[in-house]
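Report on one structure; see the data block that follows.
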Amino acid sequence: MIDENGHIRKIPVPSNDPTDPLTWSSWRRCLILFSLCLFGTAGFGVVQSTPLFFSDIIPEYKKETRGVFDAAKISQLASYPSLCMGLGNFLFVPLSMWWGRRAIFLFNNMLMLAAIFWAARSDGFTSHLASRCLQGLSCGVSDCLLPIMILDMTFLHRRGLWMSFYWASTAAGSTALLVAVPFVVQGTTSNWRTNYWFWSGFSAFSLILGIFLLPETIFARAPALIDGQLILTDHFGNVTVATAEEAVGVNPTASGQEREATVQTSRSKTLINSLSPIHLQRHGFERFITTYAEMTLSLLNPSIVYILILNSLLFGGLVSLSITYAQVLEFPPWHFSAAAVGTANVGSCIGALLALLLSGSTVDTLSGMLTRRNGGVREPEHILPNILPPALLAFVGMVVYGCVAGNPESHTGHGWIGIHVSFGLYYCAFVAISAISSMWIGEATPHWSGAALVLVCGGRNVLSFAISNNFTNWIASQGFQNAYIELGSVLLAVIIVGGVPIYFFNKKVRGTWGRKLSRLLKRV
């Protein structure tokens, strides 16, 4: 990272190819980042918005079905989209290795816009649910593919800043708009369908920006030799530094000559060609298949399984909170208006911003201390203890929500503040743990971290569906307060019981299995 003169090296090493994202001007990359953030904000926002209007949707469907509609099914409008978000990651991220990032981004943008239109014009619960599933399927790429596109066009020493900005803007932006949209609906038609027309504007704007401003970001980068070490960048944008012994068979000179031939061809490309909707990748189908093989092999890594289970519980808790809070605030003793219900997301917005400070400063401080105690040698396991502070916030958030929302008669007056505070605590924990999990995956599994990230991002949505889709039954069985406290307790227990052995024994596991799996991956 640092040369002999103390200057920061630009890694990955940029080429002379004008299609190389690392050679684009700062303003161009900032516009691309804005387009990605806008899509993420619209996607996360529309998926989370529907529970705000459950109290309006249920009477309409009961009236349409003459009382036959089962109100308990309404939670499916929140749980099924989260499942489809995970399925979208499993499908579209590997597909982007074959068809290109731009094609998948534009396709999902058009798909999300169509799904929003469909939801606004749906004529019954089944149609509405189908459109919601399509929304989840299309916006799932915000979790994984869009961050990968940011990696494509940023140097290693700037990735923290760019990734932080992406997560902060999408999390804070979507929650801020969730506060505003109920007031927009109330001030116009007072019809829940207006919610979808609201989000369609952001989705359409993102699509326009993507068509005209976002070129293909995937780039087959040649290996670069620096001070006797080979800098390798994979198709997920991950950087690996290999010694001469580890890089046997890799010829950076030959790759460089091949790159120069490509440069001469690419210089003749026009702006229209660079904005072509599909860029089929060389060896794309092989990479598409290999990504699934790498995801499967990642399941053999205990630390990845641990992070997957942890994030599944975390995401399941987030969806479970969204299912009940609107109705709790609208009922006695608080009697929130339909518009005021969305103010609970003020806490989420503040929590998201605080999470960036928590995950950034805490990781640097605590991991740095552990590294110094280890003789200055940084180990991936030094990241794990950073999960505990936000885990405690998540637990406290669940306990506060369960106690306040489960016993509203005991918290009259301004007791509703407890719900807003609990949202802030839990959302802070969610964003912080998500960021720390990404850091852990990158350091603990450097040879297949891209596939492992897809596995965790997609898998957490799929596995959390078992929690969110059945949480109303959990409440019916254990009671409102106990259900949320129990879920928070399970989350904290998994973090401690699973994290302690991972922290002490994972280094040995990495040494034993890492070499074997990396050799196996080369044969796949």
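The values are calculated or read from the model by the stated rules, or taken from the named source; none is laboratory data. If you're wondering where the values come from, they're calculated on a predicted model, not measured in any experiment. Don't worry about glycine lacking a Cβ; one is built from the backbone with ideal geometry, like all the others, and counts go over all protein chains shown. Areas reflect the complete protein model, heavy atoms only, side chains present, ligands, DNA and RNA absent. Shrake-Rupley method; radii C 1.70, N 1.55, O 1.52, S 1.80 Å.
Take each peptide in 313-323, 212-222, count the other Cβ atoms within 10 Å of every residue, and average; sorted highest first, the result is 313-323, 212-222.
Fully extending the segment from Leu225 to Glu443, taken as 0.36 nm per residue of separation minus the present Cα-Cα distance, adds 76.3 nm. Working note: Debye formula, equal point scatterers on the alpha-carbon atoms of the chain, no solvent; log10 I(q)/I(0) at q = 0.06, 0.09, 0.12 Å⁻¹ is -0.29, -0.66, -1.14. A straight line joining the Cα centroids of the stretch 284-329 and the stretch 45-117 runs 18 Å. Percent of C-alpha pairs per 10 Å bin in the stretch 400-448, short distances first: 24, 30, 19, 16, 9, 1.
Per residue, the chain reaches -24000 deg cm²/dmol at 222 nm when only DSSP H runs of four or more residues are counted, each adding -39500 (n - 2.57). Here the chain has 66 percent of its accessible surface on carbon and sulfur atoms, given a 1.4 Å probe and all protein chains in place. Accessible area per residue for the chain, computed on protein heavy atoms with a 1.4 Å probe, is 42 Å². Residue ranges 161-168, 367-374, 139-146, 303-310 sort as 139-146, 303-310, 161-168, 367-374 when ordered by packing (mean number of other C-beta atoms within 10 Å per residue, highest first). Taking the C-alpha atoms only, the angle from helix 480-523 to the longest principal axis of the chain is near 20 degrees. With Cα atoms defining each centre, the stretch 183-204 and the stretch 459-506 are spaced 34 Å apart in the structure. Computed extension gain for Leu300 through Leu357, at 0.36 nm per residue and net of the alpha carbon distance, reaches 17.2 nm. Remark: the Arg158-Glu60 segment gains 30.3 nm on full extension, using 0.36 nm per residue and subtracting the alpha carbon distance. Peptides 62-74, 17-29, ordered by how many other C-beta atoms sit within 10 Å of their residues on average, highest first, read 17-29, 62-74.
With coordinates expressed along the principal axes, the C-alpha atoms belonging to the stretch 52-145 extend over 49, 21, 19 Å, beginning with the largest.
Put a dot 7 Å past the Cα of Ala130, heading toward its Cβ, do the same for Ala180, and the two dots end up 3.3 nm apart. Considering every Cα-Cα pair within the stretch 114-216, what fraction, in whole percent, is farther apart than 18 Å? Summing the P(r) tail past 18 Å for the stretch 114-216 gives 60 percent. Take the Cβ atoms of Phe34 and Ile278, set R0 to 35 Å, and the FRET efficiency comes out at 0.90. Computed from phi, the 3J(HN,Hα) profile of the stretch 95-106 under the Karplus parametrisation 6.51, -1.76, 1.60 (θ = phi - 60°) reads 5, 5, 6, 9, 8, x, 5, 4, 4, 5, 5, 5 Hz, with x in place of Gly and Pro.
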